[in-house]
Amino acid sequence: MLWITFAWGSCFLAIDLGLKDAPVLWFAALRALIAGGALLAVTRVRGAPMPIGLRPWVLITVMGVVNVSVAFGAMFAGLVGFSTGAASVLANAQPLLIVLPAWWIYKENISPRTLAAMGIGIAGLLAVAVPSGAGTGAWLSLTAALAITAGTLISRQVKTDMLPVIAWHFLVGGAVLALAAVLVEGPPAISWTARFVGVLLYLSLVGTAAAFLGWFTEVRHCRLDAVSAWTFLVPVFGILLSIFARGERQTFWGIAGIALVIVSMLVLELPGRKRIVQAPG
């Protein structure tokens, strides 16, 4: 989880750099399609079995649209005119958003401490988002967090080898993003600089293919609140990289909100390590 969270935290800086050379939707589509193609190649080499039956493919399609098309599109668009540090906080609010669905769907008990952490976290999210105004990158980043949370919950329902599932859900989501890019942005106006190629490959192979494979593997074997709480490190890495690499400065409310979110995630994680259990099935 440490390298996964670092990879995801660095993705926000990589996306910010890549958006200088490519439009939002085409950049997001390329990220997903390259990641899916790489994982599908690994699937072929390993000889992993393809999903069989209608239900797995329906779930894969829904995962692709939610976890890739909506999440990546909102995440990339959310960085336009919004700081990478704050975006990394809001787009990784999954530990706060997943607690109630995990209780309702998978019967994972909620303690008073967890409820208190959720309250602190929601206050922090509002402190970061409200000053930015409705319809800005703050709300797009929160939309990305909601979509990723939904994708995580859906992934628990797919009872087959995760490697081809992840590969195909990236390909489906990337195809939807490419179609949206054609309709909204027209032909791809991409500047194929060495910087953009390097950023795209890092983002696709490390921050997406490898990181999501590790993530969905952990989701299958741990309580959702416990494993999701690890993602509190994503905004920590994102903020540090934005400060040292981009020289970004945070407002008072931004710093206060970020601090509250991180505290709430820590509260969720510290007792969570004792509650990790093997997922049924």
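The values are calculated or read from the model by the stated rules, or taken from the named source; none is laboratory data. This one's a predicted model, so the numbers in the text were calculated from it and none came from an experiment. Every residue, glycine among them, receives a Cβ derived from its backbone with ideal geometry; neighbour counts consider all protein chains shown.
Summary table below
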read-out	value
Output for segment 6-22, where each listed residue is over 16 Å from Arg195 (Cβ atoms) and surrounded by fewer than 22 Cβ atoms within 10 Å (Cβ to Cβ)	Phe6
Sole exception among (1) in contact (Cβ under 8 Å) with a residue 24 or more places away in the chain; (2) closer than 21 Å to Ile15 by Cβ for Val165, by number	(2)
Whichever residue in segment 183-205 is farther than 14 Å from Lys20 by Cβ and within 21 Å of the chain's Cα centre (by Cα) and, among such residues, is surrounded by the fewest Cβ atoms within 10 Å (Cβ to Cβ)	Leu201
Condition broken by His169, with the remaining ones in (1) surrounded by fewer than 22 Cβ atoms within 10 Å (Cβ to Cβ); (2) at pLDDT 85 or above; (3) not aromatic (Phe, Trp, Tyr) satisfied	(1)
Residue ID - surrounded by the most Cβ atoms within 10 Å (Cβ to Cβ), chosen from residues in segment 233-272 that are within 25 Å of Ile15 (Cα to Cα) and modelled with pLDDT under 70	Gln250
Which numbered condition Val45 misses (of (1) in contact with a Phe, Trp or Tyr (Cβ under 8 Å, 6 or more places away or on another chain); (2) under 27 Å from Lys159 (Cα atoms); (3) modelled with pLDDT of 90 or more)	(1)
Filtered residues of segment 23-59 (kept if surrounded by fewer than 23 Cβ atoms within 10 Å (Cβ to Cβ), small (Gly, Ala, Ser) and under 23 Å from the mean Cα position of the chain (by Cα))	Gly37, Ala38, Ala41
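Residue by residue, here is whether (1) at pLDDT 80 or above; (2) part of a helix (DSSP H, G or I); (3) in contact with a Gly (Cβ under 6 Å, 6 or more places away or on another chain); (4) not aromatic (Phe, Trp, Tyr) holds:
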site	(1), (2), (3), (4)
Glu108	no, no, no, yes
Ala117	no, yes, no, yes
Gly124	no, yes, yes, yes
Ala129	no, yes, no, yes
Pro164	yes, yes, no, yes
Ala178	yes, yes, no, yes
